[in-house]
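One structure is given below, encoded as structure tokens.
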Amino acid sequence: MGVFPKRGILYALLDNRFPQGGAIRPRAKYMMKKPPRLMKVKLGSPATLSIPIYSKSERILLWCDDGVFEPSVDTEFLLNTTLASPEWKKLRKPRLIDVGCGSGAIGISLCMLKPESRCCFLDVDPRAVGSTRINARIAKLLRRSEFVTSDARIFLGSPGRVYDLALSNPPYVPLPIKGAHSHSQSSAYAGLDLLKGLVKNDWRRYRRLIVVASSCSLGLVERQLQSTRCTIRYLEKNLKVAFSIGGVLDDKNWKRHLLRQGWIEQDSTSLTGYSHLISVLMLSYV
């Protein structure tokens, strides 16, 4: 018996040997009836989604339980810009926190590159924390990992351990004024409150924060920064990528609202027919 549960989605995260500048091209979402053995999952099989990442020629297998946010193009940009930053290169024994960890792709990838690092994986969804625990076990990182199921605003909004670097790719899509359905309330919109709290960092729980913002949320982040004592640096700004946030494009009222605000636009070259701009910001509180 392998380490994977009976149901879920399996992904392979790889190095940057990919065509067309690292565009994400899902081969399939494969609902597994039987747990596969790790060695039998091969590159390019129908069971994998390949996205370009990170370093060397290692691959990272990630398990996503049903309902857990999948690795995306945002994940790719966040990781690659983090690895290229001087601040990351200077860290020797970093204590990291992956906020809204989902599958754990971000924290696990970075921990694999710095053998003396440790990471706290934080998510409000127990399915996400469970997926991350499985993925940390696959990557042999359990001894260097901490798993917390909690609302990040509560966990980080009180005194406690200080982390060298926090990383987060939270949902960032504003809710329309009227008519959004319950799925919208519980997923993408909920991330805006988290984003506000992360930027404020009232208790100084981390020295630096690297976070993804969209054209949907960048204005909110910049307004929040006006009342926050920190320095800001854009690792990447206004990269045009496909817009594919789960549930948003299926909601006509929500999609119409985002188009009217100019936060997303129709794009015939995009895999989804819509695109938006994403930025990666580093905030320093030291």
- Query: If the cut-off is a Cα-Cα distance under 20 Å, which aspartates and glutamates reach LYS237, setting aside same-chain residues fewer than 8 apart in sequence?
  - Reply: ASP74, GLU76, GLU87, GLU222, GLU265, ASP267
- Message: Quick one: 3J(HN,Hα) in Hz for the stretch 206-216, Karplus 6.51/-1.76/1.60 with θ = phi - 60°, rounded, Gly and Pro as x.
- Response: 9, 7, 9, 10, 10, 9, 9, 10, 9, 4, 6
- Message: For ASP267, ASP250, which order do you get if you count the other beta carbons within 10 Å of each Cβ and list the fewest first?
- Response: ASP250, ASP267
- Query: What is the stretch 67-284 by shape, rounded, prolate or oblate, if you read a ≥ b ≥ c off the alpha carbon gyration tensor as root eigenvalues and call it rounded for a/c under 1.5, prolate for a/b larger than b/c, and oblate otherwise?
  - Reply: prolate
- Message: Please list, in order along the stretch 153-166, the HN-Hα scalar couplings obtained from phi with the Karplus expression 6.51 cos²θ - 1.76 cosθ + 1.60 (θ = phi - 60°), rounded to whole Hz, x for Gly and Pro.
- Response: 5, 7, 4, 8, x, 9, x, x, 4, 9, 9, 5, 8, 9
- Task: In whole Hz, with x marking every Gly and Pro, tabulate ³J(HN,Hα) for the stretch 248-259 from phi via Karplus 6.51 cos²θ - 1.76 cosθ + 1.60, θ = phi - 60°.
- Result: 6, 5, 7, 9, 4, 5, 5, 4, 4, 4, 5, 5
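Values in this text are rule-based calculations from the coordinates and carry no lab data. Since we're looking at a predicted model, the values are computed, not measured. A quick note on method: Cβ atoms are made from the backbone with ideal geometry, for glycine too, and the neighbour counts reach across all protein chains shown.
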